[in-house]
Structures are given as C-alpha cells and as structure tokens.
1. Which one of the conditions (1) at pLDDT 90 or above; (2) of a type in the set (D, E, K, R); (3) assigned to a helix (DSSP H, G or I) does R44 fail to meet, given that it meets all the rest?
2. When region 8-39 is examined, which residues are found to be in a strand (DSSP E or B) and either without any contact (Cβ under 8 Å) to a residue 24 or more places away in the chain or in contact with an Asp or Glu (Cβ under 7 Å, 6 or more places away or on another chain) (or both)?
Amino acid sequence: MKDRIDRLLYSVTEGREILGLSRNSLYALFRSGQLASVVIGCRRFISREAIAELIAKSTTTTSPAIDPARLRKPEQNPLPLPLAPAAHPRRRKDNSE
C-alpha cells in the first residue's frame, strides 16, 4: 500500500480498490464526468488528484438515505373530498322472478 501513495496514476483495478467501488460504478463516474481519467494508449488510469477531488466533492453531512428517497417520491396532491358520484351507478339484479 505504501507504493500506491507515492504514485501519480492508478489503474482502474487499483482505483476500484482505493475507492471501494465496483467496476460498473467506477465507469459510471467516468461517464458522468464526476471522476476524471487519463487515457494512455488503450489503458485508462485515475490520477491521485482526481480521486482526492471526487472525495472532496462527494463529502456531505446529510444522510444519503433520506434526501434521495424524498426526491424519488412524486409530489402528491390530496384528492378532493367528497368524491364525485360514479357516472353509471351499478344496477342490482332483481332475483324476484
């Protein structure tokens, strides 16, 4: 682990280990622009500064479970009461025949 601290660039696998993320989550951060990367040849690397910047931008004091849950719920308008009567009331079968 000591040699990782002195390096400027980390492989995607090393970046996953450092951040504790899955491969898909890491590439989602690349696609969204939240995590910068360096492409050399056909390989992608993550700079030490990019990791530090991601951590700094992601640091929060609010609970991650409460705010996103509230954002997922659509705004609900209460139904007007009393409800309007149905347009076609049901007819009962007359079994007296």
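The values are calculated or read from the model by the stated rules, or taken from the named source; none is laboratory data. A quick note: this is a predicted structure, and the numbers were derived from the prediction, not measured. Cβ coordinates were reconstructed from backbone atoms using ideal geometry, including for glycine residues, and neighbour counts include every protein chain displayed.
1. (3)
2. If the condition is that a residue be in a strand (DSSP E or B) and either without any contact (Cβ under 8 Å) to a residue 24 or more places away in the chain or in contact with an Asp or Glu (Cβ under 7 Å, 6 or more places away or on another chain) (or both), then V39 is the only one that fits.
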